[in-house]
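Visitor: First the structure, which I've put down as structure tokens, then a few questions once you've had a look.
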Amino acid sequence: MNLDFLKQAGGVLAAIAPTVATVMGGPLAGMATTAVINALGLAPDASKEQVMQAIAGATPEQMLKLKEVEAQLILDLKKLDVDLVKISADNTKDARAREIATKDWTPRVLAFAIMALYIGVQAYVLGYVVPEASINIVMRSLGTLDAAVGLVLGYYFGSSVGSASKTDQISTMINGKK
């Protein structure tokens with residue numbers, strides 16, 4: 001399956017139903033996937049490719065259903081007392097504690113390598129004309145490195161989870177919804 005297509009489908013889902021997109025990448029993926037499949041009107045045994053195609057080509061009615069799935073999933077997670085922010089923070093905290101306890105240099109070496117590759121590829125792209133035949137691999141590499149840099153920065157400097165929470169609180173205050 002085309003990488004651009006998967007990014008597009010994932011981007012559509014993240015824009016319409018960010019909690020669903022987050023849960024689909026974790027241990028509660030089955031719950032979210034079933035809800036998405038039902039909202040899109042697919043067969044229960046739909047393949048990942050079929051689900052991604054349906055998300056990328058969702059009609060306005062299906063997008064509305066995905067928004068409803070998002071709202072229901074948030075309620076279900078609250079009922080189950082699942083805090084995605086806490087799970088993410090605990091995961092990062094545990095990784096950092098492991099690094100301290102084991103004095104493992106692997107995360108630092110990987111972080112350095114990722115940052116060096118990112119800077120190197122950016123410098124190459126800015127300094128040279130990329131041959132037309134290589135443009136797809138260069139763009140794919142940049143996309144992968146962009147994501148990796150985000151993970152490195154999130155690991156060492158924290159994530160924007162607090163920022164997202166503040167944005168939600170401001171939106172609630174402005175719109176008067178609770």
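Every read-out reported here was derived from the displayed coordinates using simple, explicitly stated rules and does not represent laboratory data. Quantities reported herein were computed from a predicted structural model and do not represent experimental measurements. Neighbour counts are summed over all protein chains in view; Cβ atoms, including those assigned to glycine, are modelled from backbone coordinates with ideal geometry.
Visitor: Hey, got a sec? Which chymotrypsin sites (Phe, Trp or Tyr not before Pro) in region 127-156 land in a DSSP loop and have at most 16 other Cβ atoms within 10 Å?
Guide: Tyr128
Visitor: So how much slack lies between Val125 and Thr19, counting 0.36 nm per residue of separation and subtracting their Cα-Cα distance, in nm?
Guide: Contour length minus the Cα-Cα distance gives 34.7 nm.
Visitor: Work out how much length Asp81 to Lys103 would gain on full extension: take 0.36 nm times their residue separation and subtract the Cα-Cα distance, in nm to one decimal.
Guide: 4.5 nm
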